[in-house]
Amino acid sequence: MSDFDYDLVLRGGTLASAAEVFEADLGIRDGVIAAIGRGLRRGREEIDARGRIITPGGLDSHCHIEELGQDGTAQEESFASGSAAALAGGTTSFICFLPQWKGHSLAASAPGYAERARRSRADYSFHQIITDPTPEVLEREVPALVARGIRSLKVFLTYDPLRLTDGEFLQVLATARRLGAMVTVHCENFDAIGWRIQALLKAGLTDPLQHAWSRPPVVEREATHRAIALAELADQPIQVFHVSCEEAAAEIAAARARGVKVWGETCPQYVTLSHDDLRAPDFAGAKAVCSPALRDRAEHARIWRRIQDGTLDVVTSDHCGFSFATAKKAAGSSAYGTGAAVQRPDGTPAFNAIPNGVPGIETRMPVLFSEGVSKGRIDLPTFVRLSSANAAKLFGLAGRKGTLAPGADADLVLWDPDRETTITQSRLHHAIDYTPWEGMAIKGWPALTIRRGEVAMREGEVLAAPGSGRFLPRGPYALAAPSGRVPDGFDAAAV
Ligand code: URP
Ligand code: ZN
Ligand code: ZN
């Protein structure tokens, strides 16, 4: 019998769960939370957590790591570097994407990707991207994935060659319904964007700001409306990814009000960055090219209101691993670009060939804490729901991740809520050569990250080794059973 009741005790911290905030000790044994209460008995190791806020470790349910596009475009973020960045910013688990290359089976797309993920230092899972929903994919490969605990699909309504037609999307929805899998959707109207891009290029408008004019809010609103309508028709729950504007959020709110199972995700970039960042001189606006595009600053308050009213209930990074140096050289349509490259006189590419996406896996939680909690826009339980608990419920990790309760994985962040600091590239752990939040003042920073009971990051030093993260097989979604509102005898999957 050991002399100690726990492997590790965090003493006297302020615990913030998805529901409440209270002072207590927290005892960890064998990588899981063993007890929460006052005056816990001794641990082999003890950490004085007085003055710290303790939240569940973050679950970033939307990030792109080490993806290899069908055209050979490679993201520079590796699983080792991306997961180091995640842990440094308080994120202990993430969900990234298994690609499907058009014309290929799932098995033949990006060979070895799942094996490379074993280098992760954080726990991880995958959404399966579907770009080519053949009968073989939907009837054989997707069921096999779901059986392995990969229980969510991702579809794009834009980008070539990733996008699906409405008919293909319906087939994916019907398959997901049959299997009890969640569907996540990138909602923008591909043809509308293409039409705008051609008009802008013809007018000689090529700088990074034109990215925003090529895909204004109506383009997102239309596709969000359509995605929800088709999901309603198929009676399949969906999560709308990276909502950037009130027009799209209002579609989600209206659908929810009539009982449709639709959830909305947003990202820190949509409440902190704006057209101003796209206007940065010397092509630096390329650092802020993401899709949906950044909006006017006035949009920030509207997105915060939708976070506050629960329409947007998950905040992810949508971390994307392209460096500024890569964007400057973009030579053709890339994995997340929207057209063939046109060279500008200074040698940089036109806006439509800039790879889309910003790096934010490390800054996601600090920015949300600082802009949300420290500035009084959200309370601590809301912060926990947005950064981990709601994604855990939606993606089948409830009870294990995003929760402070005995039996849950001991994934924890000890926040120094009063620390005032500045985001700067030199302190970050990602493999990308910039951060779009350079120079941003932050109040509240993770001092310590614990992953399954082990100290994985202490004061900016990442201690977890590559390969120490674990694959997370996931269960059915806990929040989102289909409504059953389909005619008797109707089997959408059979259609
Ligand atoms: O601009 C973005 N969001 N890039 C990543 C790919 C995607 O659309 O999620
Ligand atoms: Zn997307
Ligand atoms: Zn994404």
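When I307 is tested against (1) among the β-branched types (V, I, T); (2) farther than 24 Å from F190 by Cα; (3) within 16 Å of ligand 1 (Cβ to nearest atom), exactly one condition is not met: (3).
Against the criterion of being within 16 Å of ligand 3 (Cβ to nearest atom), among the small types (G, A, S) and either touching a Gly at 6+ places or on another chain (Cβ under 7 Å) or closer than 29 Å to L68 by Cβ (or both), S244 qualifies. When D48, D25, D30, D71 are checked against the criterion of being surrounded by fewer than 24 Cβ atoms within 10 Å (Cβ to Cβ), acidic (D, E), under 16 Å from D409 (Cβ atoms) and more than 16 Å from the chain's Cα centre (by Cα), a single residue qualifies: D30. Against the condition in a helix (DSSP H, G or I) and either more than 16 Å from ligand 2 (Cβ to nearest atom) or surrounded by 16 or more Cβ atoms within 10 Å (Cβ to Cβ) (or both), how does L200 come out, does it pass? Yes; evaluated as a whole, the condition is true for this residue. If we scan the stretch 396-412, do we find a residue that is of a type in the set (S, T, N, Q) and under 21 Å from E459 (Cβ atoms)? Scanning the stretch 396-412 turns up no residue that is of a type in the set (S, T, N, Q) and under 21 Å from E459 (Cβ atoms). Among residues of the stretch 217-237 that are without any contact (Cβ under 8 Å) to a residue 12 or more places away in the chain, those with a beta-carbon under 9 Å from a residue that is among the small types (G, A, S) at least six positions away or on a different chain give the pairs A229/A255.
Does R485 satisfy being among the basic types (K, R) and at pLDDT below 95? For R485, the condition - among the basic types (K, R) and at pLDDT below 95 - is met.
When A110, A86 are screened for being aliphatic (A, V, I, L, M), in a helix (DSSP H, G or I) and farther than 18 Å from M182 by Cβ, only A86 passes. The residues of the stretch 276-304 that are in a helix (DSSP H, G or I), closer than 14 Å to K328 by Cα and either small (G, A, S) or within 16 Å of ligand 3 (Cβ to nearest atom) (or both), listed by number, are A284, G285, A286, A288.
Has the stretch 354-369 got any residue that is crowded, with 20+ Cβ neighbours inside 10 Å, modelled with pLDDT under 95 and in contact with a Pro (Cβ under 7 Å, 6 or more places away or on another chain)? Looking through the stretch 354-369, at least one residue is crowded, with 20+ Cβ neighbours inside 10 Å, modelled with pLDDT under 95 and in contact with a Pro (Cβ under 7 Å, 6 or more places away or on another chain). Checking the condition over 20 Å from the mean Cα position of the chain (by Cα), within 15 Å of ligand 1 (Cβ to nearest atom) and either buried (at least 24 other Cβ atoms within 10 Å of the Cβ) or not β-branched (V, I, T) (or both), which residue from D277, D296, D282 passes? After applying the criteria, what remains is D277. When R163, R178 are screened for being over 30 Å from D346 (Cβ atoms) and at pLDDT below 95, only R178 passes. Which condition number in (1) at pLDDT 95 or above; (2) within 16 Å of ligand 2 (Cβ to nearest atom) is the one that L278 fails? Every condition holds for L278 apart from (2). Under the condition of being hydroxyl-bearing (S, T, Y) and part of a helix (DSSP H, G or I), the residues counted in the stretch 203-232 number 2.
For the stretch 164-175, the condition holds for at least one residue, the condition being that it is among the hydrophobic types (A, V, I, L, M, F, W, C), closer than 18 Å to L106 by Cβ and without any contact (Cβ under 8 Å) to a residue 60 or more places away in the chain. Can you tell me which residue among P359, P345 is within 16 Å of ligand 1 (Cβ to nearest atom) and in a loop (DSSP other than H, G, I, E, B)? The match here is P359.
Filter the stretch 238-249 down to residues that are away from ligand 1 (no atom under 16 Å from the Cβ) and in contact (Cβ under 8 Å) with a residue 60 or more places away in the chain and give me whichever is surrounded by the fewest Cβ atoms within 10 Å (Cβ to Cβ). If we take residues in the stretch 238-249 being away from ligand 1 (no atom under 16 Å from the Cβ) and in contact (Cβ under 8 Å) with a residue 60 or more places away in the chain, then E246 is surrounded by the fewest Cβ atoms within 10 Å (Cβ to Cβ).
The values are calculated or read from the model by the stated rules, or taken from the named source; none is laboratory data. This structure is a prediction, so every number in the text was calculated from the model and none was measured. Using ideal geometry, Cβ is built from the backbone for each residue, glycine included, and neighbour counts are taken over all protein chains shown.
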